[in-house]
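Q: This is the structure, below, for whatever I ask next.
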Amino acid sequence: MSHVQSRPIRQLSTSVVNKIAAGEVIERPASVVKELLENSVDAGATRIDVILENGGIDLIRITDNGHGIAPDQLDLAVTSHATSKIEDADDLFQVGTFGFRGEALASIAEISQFTLRSRTGQSDCGYEMIVNGGYREAMEPTGMSVGTTITVQNLFYNTPVRRKFMKTAQTERGHIVEAFTRIALANPSVHMSLTHNGKTQFDLPATAKWRERIATFFGPEIGDGLIAVDSKDFGVTLSGFVVDPSVSRGNNRLQYLFLNGRYIRDRSLQHALSEAYRGLLMTGRFPITFLNMEMAPDQVDVNVHPAKLEVRFQNGGKLYSQLLSTIRNRFLATDLTAKAQLTSYLDNPQANPISQTGTPAPSTTQEQIPFRGEHSVRDWTSAPPKAPGVAREPAFDQYATPEFRPNLPPAPAANWNPELPQGQNPAQQPVHRVRAMQIQNTYLVTENKDGMVIIDQHALHERVLYEQLRAKVLDGKLETQRMLVPEPVTLPPAEAAVVLERKELLAQIGMVIEPFGGDTLLVSAYPAMLTNHNPADMLRGIVDLVMAEGRSLDQRDLVDELLHMISCKAAIKAGDPLTPEEIDDLIQHREECQDAHHCPHGRPTALVFSRDDLDRRFKRI
C-alpha cells in the first residue's frame with residue numbers, strides 16, 4: 001500500500017474558499033436565481049424581472065426596484081461572509097430574512113462573469129462593479145433607476161468540472177422555473193416576470209389574492225379545486241389552500257409548504273398531509289397543497305441546510321398535530337362528492353363517462369350527507385383497543401355477510417305509482433318506495449337537489465362496512481366467528497414469523513392465530529363478516545400487506561389497512577344484482593356515513609351530473 005506524503009497545513013486562499021462555498025450553495029443556474037430572488041425580496045422590491053439565456057448557463061439577469069446598495073457597500077457585497085442581515089451568533093436564532101449567510105454573491109462572482117449595478121434612493125446615480133472569476137474591477141458610476149441589477153454570465157466557466165455536469169438548457173430552465181415559482185408563490189404582492197431566450201414565460205402582476213397567483217401557475221383544474229384552510233394555535237398561524245382530493249398527483253412535488261414566506265421541505269409535515277388525506281386518495285396518489293406557516297423566528301432554526309430548504313422546529317409535534325387537525329376538520333365541513341364533467345364526455349364519446357373535475361361544491365350546497373361526529377373516520381386518536389373476545393355476537397346489521405341480502409318485504413311492482421288512484425284502498429299501496437335504480441348490476445342512479453347522482457355500489461358498500469368495522473374495533477366489539485375445526489395454514493418461515501409477531505394486533509380485527517409447530521399456524525377464529533371467505537386466503541392477504549416491498553406501517557396504520565382489506569372483501573361487487581330494498585338500504589347507510597364521498601382506498605363512491613349540464617345537452621338552455 002502506498003502512502004501519501006504528508007503536507008504542511010496551509011491557509012486556503014479567498015478564491016479557493018469561495019469556490020468551496022459555491023460548491024455547497026450554487027449547485028446549478030437555478031441556485032443562482034433562488035439566491036438573487038431572495039435578496040431582491042429582502043431588499044423590499046415590488047417588481048422583479050428575470051431574464052435567461054440558454055437555461056441560465058449563458059446568462060442570468062435579475063433586476064429589482066428594491067432599496068439598492070450604497071456605493072461604499074458594493075465591495076463588501078461580493079466579499080465572503082459579509083452581510084447586512086445578522087451581526088452576531090444570537091441573530092441566527094432570530095432570522096427574519098432569506099439570505100443571511102453572506103456567501104451567495106461572493107460564491108457566484110467567483111465562478112462566473114459577474115456584474116453588479118445598484119442605486120439607492122439617496123444617490124444621484126447608480127454604480128457598477130464587475131467581477132470576473134473573483135477578480136474585481138474598479139467601480140464606475142452608471143445611469144439607472146433605484147434598485148439593483150445583477151448579471152451572471154457563463155456560469156462555471158472557470159470550473160469546467162462543474163460545468164460539464166450541467167444538463168440541457170431545457171432541463172436547467174425547468175429547475176429555474178421551479179425556483180421562480182416558489183418565490184413567486186410566497187410573494188404574491190410582488191410583480192414578477194421571467195423571460196427565456198427573448199420569450200416571456202411568466203408575467204405576474206401583483207395581487208392580494210393568493211388564489212389568483214396559484215391558478216396562474218397551475219391552471220383552472222387546481223385553481224377551481226382550492227379549499228381554504230386556516231388556524232392559529234401554539235403561536236403558529238397556518239393559512240392557505242388544500243386541493244380537493246379528486247385532483248391529485250403521482251408524486252409530492254405540488255406540496256408547497258412555506259415557513260414565514262420561505263419554501264421548505266419537511267418529511268414530518270408531508271406525512272401529516274398524507275394522514276389528512278387518508279382514505280380520500282387512491283394508493284400511489286399524493287395531495288396538492290399550498291400552505292404558509294407563520295411563527296416567531298426563535299421557534300425554528302433555519303440554519304441547518306446550506307440552501308435553507310430544511311429547518312428544525314422547536315416543537316414539531318404540535319405543528320404536526322395542528323396541520324393534520326386543521327385540514328381534517330376542513331374536510332369534515334366540505335362536500336367532497338366528485339362532480340362529473342358531463343359536457344366533455346358527450347362532446348367526446350371516447351372519453352370516460354365518469355371523469356371528474358377538481359371543482360368542489362361550496363359548503364352551502366351539501367348533498368344531504370352531513371358528517372356525523374367530531375372526527376374523521378381516519379382519525380385514530382386513541383390507542384388501539386384490546387383484542388376482542390372470539391365469541392360471536394349477534395349480527396350488527398343486515399351487512400354482516402357478504403351476500404348482503406336483508407330480509408325485507410317483497411319488491412314493489414316496477415310500474416308502481418306513488419300517487420293513489422281515486423278509490424284505491426291504501427292497504428293495497430306498497431309501503432316501500434324505491435329511491436334509486438341499478439344499472440349494469442354495478443351502478444346506482446338517484447338524484448339530489450343538484451342533479452343526477454351515480455353511485456358505485458362496491459365503493460359505497462366498502463365505505464359503509466369500513467366505518468362500521470372501525471367503530472366496532474375501537475369499542476372492542478367486532479363480531480368474530482370461531483371455527484369448529486381450526487384451519488392449519490403453512491407459510492414460509494419469514495411470513496410465519498411476521499404473522500406471529502402481530503398476533504395480538506390481528507386479534508383486534510377478529511383473526512385469532514396460534515402456532516402449530518414448524519411454520520404452520522392455526523386459524524381458530526376470523527371476522528364474522530367473512531364467513532364465506534377462505535381463512536387461509538385471508539391470512540395470506542394479510543402477509544402480502546404487511547410485507548409489501550418498501551412499506552413500513554406502524555400499528556395504527558396496519559389496523560387501518562387491514563380494515564380496508566376486510567371491508568373490500570366483504571362488500572358487494574360490481575356485477576352483483578340488488579333488489580330494490582337492498583338498494584334503498586345501501587342509500588340509507590350512505591347518508592349515515594361520516595365520509596360518504598370516497599371508499600377507504602380513495603376512489604369516489606359517487607359522481608354528480610348537474611342539472612345545468614343535463615339541460616345544456618338537451619338544448620333546454
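Readers should treat all values here as calculations from the given coordinates under stated rules, not as data from a laboratory. Predicted model only: the values in this text are computed from it and were never measured. Please note: Cβ atoms are built from the backbone with ideal geometry, for glycine as well, and neighbour counts cover all protein chains shown.
Q: How would you classify segment 432-607 from its alpha-carbon gyration tensor, with a ≥ b ≥ c the square roots of the eigenvalues: rounded for a/c under 1.5, else prolate if a/b is greater than b/c, otherwise oblate? Can you show the working numbers first?
A: Values: a/c = 2.50, a/b = 2.12, b/c = 1.18.
Since a/c reaches 1.5 and a/b is larger than b/c, the shape of segment 432-607 is classed as prolate.
Q: If each residue's Cβ is checked for other Cβ atoms within 10 Å, how do 125, 593 rank with the fewest at the top? List each step's numbers first, then the result.
A: Numbers: 125 11, 593 20.
In order of increasing Cβ crowding within 10 Å: 125, 593.
Q: Determine the gain in length on full extension of the stretch residue 312-residue 209; use 0.36 nm per residue of separation and subtract their C-alpha separation, reporting nm with one decimal. Before the final figure, lay out each step's value.
A: On the way: separation 103, 0.36 × 103 = 37.08 nm, distance 2.95 nm.
This chain segment gains 34.1 nm when fully extended.
Q: Contour minus end-to-end for residue 321 and residue 253, with contour as 0.36 nm per residue of separation and end-to-end as the Cα-Cα distance? Intermediate results must be reported in sequence, preceding the final value.
A: On the way: separation 68, 0.36 × 68 = 24.48 nm, distance 2.21 nm.
Fully extending the segment from residue 321 to residue 253 adds 22.3 nm.
Q: A further question follows. Starting with the highest mean, order 536-542, 174-180 by the number of other Cβ atoms within 10 Å, averaged over the residues of each peptide.
A: Details: 536-542: 17.6, 174-180: 19.7.
Top to bottom by mean Cβ count within 10 Å: 174-180, 536-542.
Q: While we're on this one: Show me the ranking of peptides 288-299, 40-51 by mean Cβ neighbours inside 10 Å, starting with the highest. Walk me through the intermediate numbers first.
A: Values: 288-299: 18.9, 40-51: 20.5.
Ranking, from highest mean packing down: 40-51, 288-299.
Q: Shifting gears a bit: How big is segment 163-250 along each principal axis, measuring the range of its Cα positions in Å and listing the largest first?
A: That gives 48, 31, 30 Å along the principal axes, largest extent first.
Q: Here's a follow-up. How do 167-173, 241-247 rank on mean C-beta neighbours within 10 Å, highest first?
A: Values: 167-173: 15.3, 241-247: 24.3.
Peptide ranking by packing, descending: 241-247, 167-173.
Q: Using the C-alpha atoms of segment 210-334, what convex hull volume per residue, in cubic angstrom, is computed? Please list the in-between numbers first.
A: Details: hull volume 13.1 nm³, N = 125.
Cα convex hull per residue, to the nearest whole number: 105 Å³.
Q: Please give me, ordered by residue number, the trypsin sites (Lys or Arg not before Pro) of segment 223-324 that lie in loop per DSSP and have at most 12 other Cβ atoms within 10 Å. Display every interim value, and only then the final one.
A: Numbers: sites: 232, 249, 253, 262, 265, 267, 278, 285, 308, 312, 318; in loops: 253, 265, 278, 285, 308.
Sparse-neighbourhood loop trypsin sites (Lys or Arg not before Pro): 253.
Q: Please find the FRET efficiency linking residue 163 to residue 76, where r is the Cβ-Cβ separation and R0 is fixed at 22 Å, and quote it to the nearest 0.05.
A: Details: r = 28 Å, r/R0 = 1.28.
Result of the calculation: an efficiency of 0.20.
Q: Sticking with this one: Which Cα, out of 202, 192, 153, lies furthest along the positive dipole direction of segment 152-212 (beta carbon charges, K/R +1, D/E -1)?
A: Of the candidates, 153 comes out farthest on the positive side.
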